[in-house]
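The values are calculated or read from the model by the stated rules, or taken from the named source; none is laboratory data. The structure displayed is predicted, hence computed values, not measured ones. Heads up, the Cβs are rebuilt from the backbone with ideal geometry, glycines too, and the neighbour counts pull from every protein chain shown.
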Amino acid sequence: MEEKLEGIEQRSEQLAQQMADPAIANDYARYAELAKQHSEMQQIVQKYGELKKARKDLQENEEMATGDDELAEMAQAEIEPLKMRIAALENEIKLLLVPKDPRDERDVIVEIRAGAGGDEAGLFAADLFRMYTRYAENHRWKVEVLDESESGIGGFKEVVFAVKGKGAYSRLKFESGVHRVQRIPATEANDRIHTSTITVAVLPEVDELEITIPDGDLLIETYRSRGAGGQNVQKNESAIRITHKPSGLVVAVQDERSQTQNRLRAMSVLRARLYEQEEQKRHALMAAEKKGQIGTGDRSEKIRTYNFPQSRITDHRIGMDKFQMQAVLDGDIDDFIDELAAREQSEKLQAAGV
C-alpha cells in the first residue's frame, strides 16, 4: 500500500506542476482533464499526509515516553490515541483506494417480471414493487412507473419503473436476480404452500454518449395508452413501442400523456438494456475470476427466498436470515444491502491488493 500511496502523491505533484504551465493553462480541454485527475487524488493525498504526520507523532511520543519525568507521562498518554488514529486513517485510505463503480451514483431502471407460479407470481411481483417503492420513499428517492402489465387479480405480469436519487444504483444493484416466494396463496383451498419466482433487473441509466443507437436500427410504433376509461381515456396515440432490430429488444412506455416524453423514456430504457447486455458479455468473459463474487447481476441466480409460513427471508448470497417479513415488505431491506455492500467492498480491497 505504501508504494501505491507514494506513487499517487508523486503523480499529484506532477499534475499540479503541469497545471501551472501557462501553455497547458491556456488549453481548456487539457487543463480540465488534468484538473479532474488531480481532484480525484486529493482526498487520498490529504489522508496520506495526515497518516504520515500521525506516524511521526507516535514515534516522537514513544521516544519521549522512555524517560521518567512529567513529559514522559504526557507522551505515554498520547501513544494509544495516536495508534487508534493511525488505524482509522489506514482504514479510510484503504477504502479510498478501492476502485469506484462510476455508475453507483446514477438513477436506475427496475424491471420486475413474474416467473414460475402463475397468478401467485404476479401477486408477489406487486408485493416487490411496493417494497421497492417504500424503500425509495425511505431514501427520499423518486419513483416513476414507465410501463406495466397487470395480471388481472391485483398482480403484475411485468412492471418497469425508474428510481431517481443520488446513489440509487449503489444500493439497488444488489436486488438484481431471481426472488423466490413460498406461501399459501389466497386462492388455495387446501392450505398448500406454493413456490413462485420473480425476476428483478436493476439497470443504471445510460446517457447517449455511452450508447449510440443509429436511427436505422429502430422500429418505432405508437399506440393508445391504457386509460382508466370514461373521460380519462386518451384519444391520441401517446404510448411508444420501440424495437431494436439488431438485438430484438422491445421497449414500451405509456406512462406519460406526451408522445415525446414517452419516446425519451423508452430510449432511456433501451440504452440501459443494451448497456446491460454488453456488461453481461464482459462478465461472461471474466466468469472464472468473478465466480463467488457478490452482486454479479446474473439473473439466473436465486438470490433471496421469502418464506411466509416461517416469516423468514433468506439472502442466499450471504447466508443471512431475517424474521421480519412485514417489515421487509414495507421496504426494510437495508440490513441485506449493507452486508452485500460490505462483502463487495471486501472483494474489491482484495482485488486491489490493499
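For this structure, a couple of remarks:
- Candidate set: region 149-164, residues that are surrounded by fewer than 18 Cβ atoms within 10 Å (Cβ to Cβ) and not β-branched (Val, Ile, Thr); chosen: the one farthest from Ser238 (Cα to Cα): Gly154
- Residue check for Ile213: closer than 30 Å to Glu105 by Cβ and modelled with pLDDT under 85: yes
- The one condition from (1) aliphatic (A, V, I, L, M); (2) touching a residue at least 12 places away in the same chain (Cβ under 8 Å); (3) outside the structural domain of Gly177 (by TED's automatic domain parsing) that Ala125 does not meet is (3).
- Any chance Ala87 is of a type in the set (Gly, Ala, Ser), modelled with pLDDT of 90 or more and part of a helix (DSSP H, G or I): yes
- Helices (runs of 4 or more DSSP H) within region 1-65 that include 3 or more residues within 36 Å of the chain's Cα centre (by Cα) and either touching a residue at least 40 places away in the same chain (Cβ under 8 Å) or farther than 22 Å from Val98 by Cα (or both): 2-19, 28-64
- Among residues of region 130-146, those that are within 27 Å of Arg241 (Cβ to Cβ) and buried (at least 22 other Cβ atoms within 10 Å of the Cβ), counted: 3
- For region 259-278, filtering for residues that are under 14 Å from Val108 (Cα atoms) and acidic (Asp, Glu) leaves 1.
- Every test in (1) of a type in the set (A, V, I, L, M, F, W, C); (2) within 21 Å of Glu92 (Cα to Cα); (3) in contact with a Phe, Trp or Tyr (Cβ under 7 Å, 6 or more places away or on another chain) is passed by Ile24 save one, and that test is (2).
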